Amino acid sequence: MVIVLAQMLATLATRLIGFSRRWMPTNRLNAWIDTDRGIGWGLPLGVALTVAFWWVGSWAYVHATTGESAWWWLPTVWAALNTIKFAHVALRSPLVWIARRVRRSRIAAAYRAWPRA
């Protein structure tokens, strides 16, 4: 049961990230963070934007629940999705950075060990 729930959550997270990359304007920032130049900025930008979107979402949620227009739910959901997306960026980017460094060092070591003619 736990494995099925974990698979469902992983599938939901994957679909949510895919949806937000395609339909939200912050996808360009995510694409830049995934490059070699931007991966070092993944953690600080992810943390800062997670807090910023969390604040915007909570502000919009207060307006939505105090009896104002129901349109306040739209920025609430938008901010919640971006909060999840940038929290994912903040958690993933250090791991990706380490994996890229390890891969590059292995390639460099294999290149140095290659016999020269």
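Here are the numbers for this structure:
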read-out: Residue selected from the stretch 25-35 under the condition outside any helix (DSSP H, G or I) and surrounded by 12 or more Cβ atoms within 10 Å (Cβ to Cβ), by the criterion modelled with the highest pLDDT; value: Asp34
read-out: Breaking point among (1) in contact with a helix residue (DSSP H, G or I) (Cβ under 6 Å, 6 or more places away or on another chain); (2) modelled with pLDDT of 90 or more, for Thr65; value: (1)
read-out: Odd one out for Thr11 among (1) at pLDDT 90 or above; (2) surrounded by 11 or more Cβ atoms within 10 Å (Cβ to Cβ); (3) of a type in the set (S, T, N, Q); value: (2)
read-out: Residues located in the stretch 12-26, provided they are hydrophobic (A, V, I, L, M, F, W, C) and either more than 20 Å from Ala99 (Cβ to Cβ) or free of Cβ contacts under 8 Å to residues at least 40 places away in the same chain (or both); value: Leu12, Leu16, Phe19, Trp23, Met24
read-out: Total residues in the stretch 36-71, condition of a type outside the set (Gly, Ala, Ser), surrounded by 15 or more Cβ atoms within 10 Å (Cβ to Cβ) and either touching a His at 6+ places or on another chain (Cβ under 6 Å) or in a loop (DSSP other than H, G, I, E, B) (or both); value: 0
read-out: Residues located in the stretch 68-84, provided they are in contact (Cβ under 8 Å) with a residue 12 or more places away in the chain and not hydrophobic (A, V, I, L, M, F, W, C); value: Pro75, Thr76, Asn82, Thr83
read-out: Flag if Ala87 is touching a residue at least 12 places away in the same chain (Cβ under 8 Å), in a helix (DSSP H, G or I), surrounded by 17 or more Cβ atoms within 10 Å (Cβ to Cβ) and more than 14 Å from the chain's Cα centre (by Cα); value: no
read-out: Residue among Leu95, Leu9, Leu43, Leu29 that is touching a residue at least 40 places away in the same chain (Cβ under 8 Å) and under 16 Å from the mean Cα position of the chain (by Cα); value: Leu43
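The values are calculated or read from the model by the stated rules, or taken from the named source; none is laboratory data. Because the structure is predicted, anything quoted here is derived from the model rather than measured. As a convention, Cβ positions derive from the backbone with ideal geometry for all residues, glycine included, and neighbour counts pool all protein chains shown.
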